[in-house]
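Data block below; observations after.
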Amino acid sequence: MNEYFINKASNIMAWNLTTDILSNSKAIDYHKTLSVYQPTPIVSLPNLALKYNVGNIYVKDESYRFGLNAFKGLGASYAVHKILEKQPDIETICTATDGNHGRAVAWASKLAGKKAVVFVPKDTVESRIKAIENEGALVINTGLNYDETCAVAKNTSIEKGWQLVQDTAWENYEEIPALIKAGYLTHFEELENDLHVLPKHKVDVVFLQAGVGSWAAAAIWYYVNRYGNNRPKIVVVEPYESDGILASFKAGKRVTPEGTFKTIMAGLNCGIPSLTSWDIIKNGTDVAIKIEDEFAEQAIRQLYYPEGNDKRIIAGESGVGGLAGFIALMCKESMQPLKTYLGITANTNLLFYSTEGATDLENFNKIVSLKP
Ligand SMILES: Cc1ncc(COP(=O)(O)O)c(C=O)c1O
């Protein structure tokens, strides 16, 4: 079927600059030095698990991260910290973003006393632009798509002597994206302290939403290193119309997807996967799927109007990507073979990361105004 790909993962991670930086990451020690640092909560949703007849469902809620309403501050802050250790005289930091990464870079630059310039693609909603400006950054709308906006940020940085802090890698631009991935490791390491809430300390399947794939790659690297061949099954989820990872699996190499790039999952609306992230993802993913926006809306409502006395979670369109993928997998006839392949039964424990809160409040309110 063309909406999913089953991958025979080798679970072998090549040794290179990226995996070296991941292995030597001290991100959690750095993050603990920040006064705003707190591990984000993990929420158990037993009634939702009953609804889908699975063992249990856990959600790590990143809307609480650093007061930024998304997980991205983990990567940006660690990368900016490591760059400034080597080059303290940098004056201006620059990036391209579809929202959360830009706000995170603006915040991390402010923390370090540096200026930030953030380029955003066309269609970036006003509330996300405001959130970046509120962290003190200059925001420039390029009127272009995500990949083109990344190119503008790269070229302008070279021209003006600014430091580019981009969360996607390409040839000869690998170190900073690796530091960003290393920063993301903090929230996987936080989970070590939460294992006691999981029955038999075990998660069976993890669903990871992906844009350029840097976050999914950090997660996969963590799971493969921590659990080896006994790692949880890993499902990568993308929007139907921007499925760079699924398209790359199908092509057998990293490619730009051919969809329309129309999706409400703005953070996942990216083009070609990150070079170094793809290297990790292709060796540690079991299944890649793409899903329609309606599943993201369903997942937002599901968390907002919880089953029984489950706790309410406020999650944004990209933040619910993993859960939306699970709902699609359980509901769509065409995805039933995946349920069997992943071995999802009444005993299976599932983990999701809600990677953002309601970062586009207007659209969030529209979505939750329709009660399930
Ligand atoms: C909320 C949210 N979740 C997940 C992602 C995916 O991260 P990546 O682009 O590294 O795949 C993003 C990216 O912006 C995001 O904003």
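The values are calculated or read from the model by the stated rules, or taken from the named source; none is laboratory data. Remember, it's a predicted structure, so these values are computed and weren't measured experimentally. All Cβ positions, glycine included, derive from the backbone under ideal geometry; neighbour counts span all protein chains shown. Please note that ligands, DNA and RNA were not included when accessible areas were found on the heavy atoms of the full protein model with its side chains. Shrake-Rupley method; radii C 1.70, N 1.55, O 1.52, S 1.80 Å.
Result for the chain in a Gaussian network model with C-alpha springs under 10 Å: among Ala151, Ala288, Ala49, the largest mean-square fluctuation is at Ala151. Of Val36, Val120, Val212, the residue with the greatest mean-square motion in the GNM of the chain, using alpha carbon springs below 10 Å, is Val36. Give me the Debye-computed log₁₀ of I(q)/I(0) at q = 0.13 Å⁻¹ for the stretch 2-74, equal point scatterers on Cα only, no solvent, two decimals. Each listed q maps to, in turn, -0.75. Under a plain spin-label model, where a point goes 7 Å from the Cα along Cα-to-Cβ, how far apart in nm are Leu370 and Gln336? So the label points at Leu370 and Gln336 sit 2.6 nm apart. A protection proxy built from the mean count of other Cβ atoms within 10 Å ranks the segments 161-168, 176-183, most packed first, as 176-183, 161-168.
Distant-in-sequence amide contacts of Val43, defined by a placed amide H-H separation under 5 Å and a gap of 5 or more residues or a different chain, comprise Val59, Lys60, Asp61. Global dimensions of the chain from alpha-carbon coordinates: Rg and Dmax equal 19.0, 57 Å. Sequence-distant contacts, meaning Cα pairs under 8 Å at least 6 residues apart, place the relative contact order of the stretch 1-105 at 18 percent. For Val105, what is the net charge nearby, where nearby means another residue's Cβ is under 12 Å from its Cβ and Lys, Arg count +1, Asp, Glu -1? Spelling it out: positives minus negatives among the neighbours equals +3. Give me the percent of DSSP beta bridges within the chain that run antiparallel, rounded to the nearest 5. For the chain, the DSSP antiparallel bridge percentage is about 20.
Convex hull volume of the C-alpha atoms in the stretch 200-308, normalised per residue: 103 Å³. Taking amide H as placed 1.01 Å from N in the peptide plane, the amide H of Ile291 sits under 5 Å from that of Glu238, Tyr240, each at least 5 places away or on another chain. What residue among Ser35, Ser334, Ser274 has the largest mean-square fluctuation in a Gaussian network model of the chain, using Cα springs under 10 Å? Looking only at Ser35, Ser334, Ser274, the biggest GNM fluctuation is shown by Ser35. By the Stokes-Einstein formula, at 0.890 mPa s and 25 °C, the stretch 221-372 with its Kirkwood radius over alpha-carbon pairs has D equal to 150 µm²/s. In sequence order, the stretch 25-30 has phi-based couplings of 4, 10, 4, 5, 5, 5 Hz under the Karplus curve 6.51 cos²θ - 1.76 cosθ + 1.60, θ = phi - 60°, and Gly or Pro positions carry x.
Express the carbon and sulfur contribution to the solvent-accessible surface of the chain as a percent, rounded to the nearest whole number, probe 1.4 angstrom. Carbon with sulfur: 50 percent of the solvent-accessible area. Using a probe of 1.4 angstrom and keeping all protein chains present, the accessible surface of the stretch 73-166 works out to 42 square angstrom per residue.
Sequence-distant contacts, meaning Cα pairs under 8 Å at least 6 residues apart, place the relative contact order of the stretch 73-166 at 33 percent.
Using bins of 10 Å that start at zero, the share of Cα-Cα pairs per bin across the stretch 99-149 amounts to 30, 54, 15, in whole %. Annotation: amide H of Ile140 within the under-5 Å range of Val118, Phe119, Val120, sequence separation 5 or more or interchain, hydrogens built in the peptide plane. Peptides 38-46, 102-110 ranked from most to least packed, by the mean per-residue count of other Cβ atoms within 10 Å: 102-110, 38-46.
When the C-alpha to C-alpha distance is required to be over 23 Å, the pairs from Lys86/Lys110; Lys8/Lys253; Lys60/Lys82; Lys110/Lys154 that qualify are Lys60/Lys82. The alpha carbon gyration tensor of the stretch 73-166 gives principal lengths a ≥ b ≥ c with a/c of 1.5 or higher and a/b no greater than b/c, which makes the shape oblate.
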